[in-house]
Amino acid sequence: AAAAAASAAASMAREAAVAAKSLCSAASLAASAAAAGPGSASWSEIALALAMGTHSRLGAESALRRLDSDALRSLMAHVTLHVPRDAPTLSTALRRAGPWQRVLIARGEHALCDAAPSARPLLLLGEPGAVLRGTLVLGSAGGEVRGLRCDDAGDCCVRVLGGKWRFSNCRLRCSHASALHVSCDAQVELVECTLGGESAHEMGSHVVHLSAYGSVQVAGLAKRACFALVAKQKAVVAARRSDLSQCSEAALLIGGRARALLEDCTISGAEAAFMSGVGRGRALELRTCSVRARRLWADADRPRVVGLHDTRAECADEAAAEAEAEAE
């Protein structure tokens, strides 16, 4: 009996040692790939290596066979998925990505055609010079977007339909609807982002075709967004150290029961700083912000709660009205 117990204990110890070795070797593989530069093994190559290691025949002697599917997915999440090197389009990358997968968009322009919201939380990154053209739709899975530029293709740059999302160092450049549209019960945090139309240094030369007889070239004609930020329904938006600019309607449209907090933000180049839509919005609060627009509010509607703390507002139309009233 004692010999049988000792044999069983030794067998359990060997099993534990093999499992520990499996975890360490797989973790080392994923960590090495994540720490290496763009010239390292690709996500596809690492995925293939792990698949071969867990195969009943090809990986018969591999310690990776001791790991379950959840452990393998967790390891693969630490390996960056490159677009287009590992996936030809962002849509393909989102289908392949695991929970909290790092998806890196390479330098250049990438069209968004059928990029459905990811079913898993992810970290979306952009190389310097990476541009997404179209409407990026983000769903309830949540995640983070860093260092990415999005240009619209006739609608919004980004639509957030739910979940908790964080944007940092992003440029959402829109010339049609809104740069960022947040709805449902989404919670969005913006840090050091720029939203709206073209800035002065982004303006180019635009050719406007008037008729079949010729065209007129207009230099320095900025493309403007209708809104930089739209918050509707039960959305919650918090922006810090961000810029909302170059808007033909208003920098911020708030409606439904949405709430918005702007801290250390700048609003400029807008017809109106704020507009209250259907439902008027639940609350709007500004802290230490700078506002330069033709009007502070587009009309007489206001959210239920409005707080302007240590905020400087310079509105051309209101200043002119005050000057006329003083002259009379």
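The values are calculated or read from the model by the stated rules, or taken from the named source; none is laboratory data. Note that this is a predicted model, so its numbers are computed, not measured. Because the Cβ atoms are built from the backbone with ideal geometry, glycine has one as well, and the counts that use them run over all protein chains shown. Side chains are part of the model used for accessible areas, which takes the heavy atoms of the whole protein and leaves out ligands, DNA and RNA. Shrake-Rupley method; radii C 1.70, N 1.55, O 1.52, S 1.80 Å.
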Residue set R107, R95, R133, R149; condition without any contact (Cβ under 8 Å) to a residue 40 or more places away in the chain, open to solvent by 30 Å² or more (accessible area, probe 1.4 Å), among the basic types (K, R) and more than 28 Å from E202 (Cβ to Cβ); output residue R95
Can you tell me how many residues within segment 155-182 are within 17 Å of A258 (Cα to Cα), open to solvent by less than 10 Å² (accessible area, probe 1.4 Å) and in a loop (DSSP other than H, G, I, E, B)? 1
Segment 237-319: strands (runs of 3 or more DSSP E) wholly inside it with 1 or more residues that are among the charged types (D, E, K, R) and surrounded by fewer than 23 Cβ atoms within 10 Å (Cβ to Cβ) are 243-254, 259-263, 266-276, 283-287, 290-297, 312-315
Count, please, the residues in segment 110-120 that happen to be open to solvent by 30 Å² or more (accessible area, probe 1.4 Å) and closer than 19 Å to H78 by Cβ. 1
Residue that is modelled with the lowest pLDDT, among those in segment 142-153 that are under 20 Å from K232 (Cβ atoms) and in a loop (DSSP other than H, G, I, E, B): D152
Could you list, ordered by first residue, the pairs with Cβ atoms under 8 Å in which the first is in segment 297-318 and free of Cβ contacts under 8 Å to residues at least 24 places away in the same chain and the second is among the hydroxyl-bearing types (S, T, Y), at least 6 apart or interchain? D310/T288; R312/S290
